[in-house]
Each structure stands twice: as C-alpha cells, then as structure tokens.
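First the structure, in the form of structure tokens, and then the observations on it.
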Amino acid sequence: MIMYKRELVKNKKSTILWTSILLLYNVSMLMLFPSLSSQMKYKIDVMMEAFPKEMLVAFGMDKVSISELLGYYNTYCYLMVTILGGIFAILQGISVLSKEEDEKTIEFLLSKPVTRNRIITEKVLAVLTNIFILNVAVSLFNYITIEMVTDERYSVKTLILLFVGPVLMQITFAAIGLIISVFIIKARINIPIGVGIVLGMYFIGILATISEKVDFLKYLTPFKYVDGADIITNTSIEPFYIILMIVITISCTFATYIIYNKKDIVA
C-alpha cells in the first residue's frame, strides 16, 4: 500500500484546505441560526412569498422553510457541501492518474514490479479516503454545532441522510473524474475541466427543476440525485437515484481499468 500512503501524503494539504473551508463556512452559518427570533422567522416566511416562484423552486424553498432548522441547513450549508464537495471530489479523481504522466513519474512507477491495476486500485482507495475524511469531519462538526445552537426538534434520520447524500454524490463525481484522468494528462487544465463539469451539472439541475419541458435533464446531474429539499420532504434518498449513482460509479471505474491497461503511456 505504498502508493496509497504516498497519495494521501501528497493530497494532505488539499484535503485539509477544502475541509477547513467547508467547516468554517458551515459552522459560521449555523451559529447565526439562533439569531432568528420567532418574529423574524415569520417575517422571513412572508418575505419568501414575494420572491419569484422560479427562484424559490430552484433552491428548494418551495418545499422547505429557511425558518426551520433543516430548511435553513439545506439552503445555507447543504448547498455549499454539495458544490464545493463535488468540485473537491472530481478534482481528486481527475488528477489521480493524469498527474503521474504530467509530472513524468509514471516511468518510475511502471519500472517497479506493480501492475497497472494495482496503481489504479491504490489511487482510487486514496481518493475515497480523502472524500470520507472531508465528509466525516464536516458532518461531525455540523452535528455538534447544531446541537449547541438550537433546541428545535428535528429529524435526526433526515439530518443523517443530508450527511450521506453528499458522500454518494462526491463518489460519483470522483468516478467521472477518474475516467477523464485516463485521457487528460495536463495538470493545468484539470481544474477548469473539473470545476466546469460540476458547475455545469449544478446549473443543469436548476434548469431541470424550474422548467417542466426539460425535466428529463434531472437524470444527467448528480445534484438532483441527492436534492436536499427532496430528502427533507421525503425523509429518504430515492432508491432509483442511489442505483443510478452506483451504476455510474462502477461503469466509470471499470472503464478506467480497461482503458488504462490498454493505453500507450509515454514516459
């Protein structure tokens, strides 16, 4: 597991940075929730009615209220966990193989008695470890902060699903990034491609939400698979979407093994 450990060390600073950003943002936003008095919550609900319907639908505020804990968490915290977490995951996946070729270290790896399958496996395990580290830390601190700042009763099951949903989505994005990393070896374009894919899928999700004419687009974006408002409303993640994420993840990973083993690698 030398490559696995090496990969964790190389990505340690990146994982700490992304985790810290999400922690600071989420904890800061949750600390503001107690400042919402009963009168202010009422005013917020009234104010929301004045917003365009399309805007409320786009951000799920037609299903949940930001004056309630889970609705507030969905609007101000969950959204950032999915967007920033998705970017973190796809960048992890998109660089995990390509950087070896870009940095000209692949020749050293292939000169050792290791197979390409082992290279992929250990690097994938490192990516999954980083994703779990980020989500465990963020979820733990979010839960502790929620318990500290409010006495409001809420569904613990729903909150756990709001913690699990982003993990499933991020693994899906990481798998998409993994298959891309087989074809793209220039590190300087990894970030634009990764960020572009995640933000593009996010806006596709918004479009699918506000327009019934393009409702079918929701099947093309992981953001809709773990939509926070739907999770809160249904107290579940739709099984079909879970299966879809598993299929995408397995397909992309399997394709990576096949293509990478047949690829002519120029050292």
Being open to solvent by 10 Å² or more (accessible area, probe 1.4 Å), of a type in the set (A, V, I, L, M) and in contact with a Lys or Arg (Cβ under 7 Å, 6 or more places away or on another chain) is the requirement here; does Ala208 meet it?
no
In the stretch 125-158, the residues that are open to solvent by 50 Å² or more (accessible area, probe 1.4 Å), closer than 16 Å to Ser20 by Cα and among the aliphatic types (A, V, I, L, M)
Ile133, Val136, Leu140, Ile144
Which count do you get for residues in the stretch 159-173 that are open to solvent by 10 Å² or more (accessible area, probe 1.4 Å) and either in contact (Cβ under 8 Å) with a residue 60 or more places away in the chain or touching a strand residue (DSSP E or B) at 6+ places or on another chain (Cβ under 8 Å) (or both)?
4
Out of everything in the stretch 95-124 that is open to solvent by 80 Å² or more (accessible area, probe 1.4 Å) and in contact (Cβ under 8 Å) with a residue 40 or more places away in the chain, what residue ends up being nearest to Asn11 (Cα to Cα)?
Glu103
All conditions in (1) open to solvent by 50 Å² or more (accessible area, probe 1.4 Å); (2) at pLDDT below 90 are true of Met61 except (1)
How many residues does the stretch 211-229 hold that are modelled with pLDDT of 90 or more, surrounded by fewer than 17 Cβ atoms within 10 Å (Cβ to Cβ) and not hydrophobic (A, V, I, L, M, F, W, C)?
1
Take the residues in the stretch 174-205 that are in contact with a Lys or Arg (Cβ under 7 Å, 6 or more places away or on another chain) and either over 16 Å from Leu84 (Cα atoms) or not in a helix (DSSP H, G or I) (or both); name whichever of them is most open to solvent (accessible area, probe 1.4 Å).
Ala187
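The values are calculated or read from the model by the stated rules, or taken from the named source; none is laboratory data. Remember, it's a predicted structure, so these values are computed and weren't measured experimentally. Note that we place each Cβ from the backbone using ideal geometry, even for glycine, and neighbour counts take in every protein chain shown. For accessibility, only protein heavy atoms count, side chains too; no ligands or nucleic acids. Shrake-Rupley method; radii C 1.70, N 1.55, O 1.52, S 1.80 Å.
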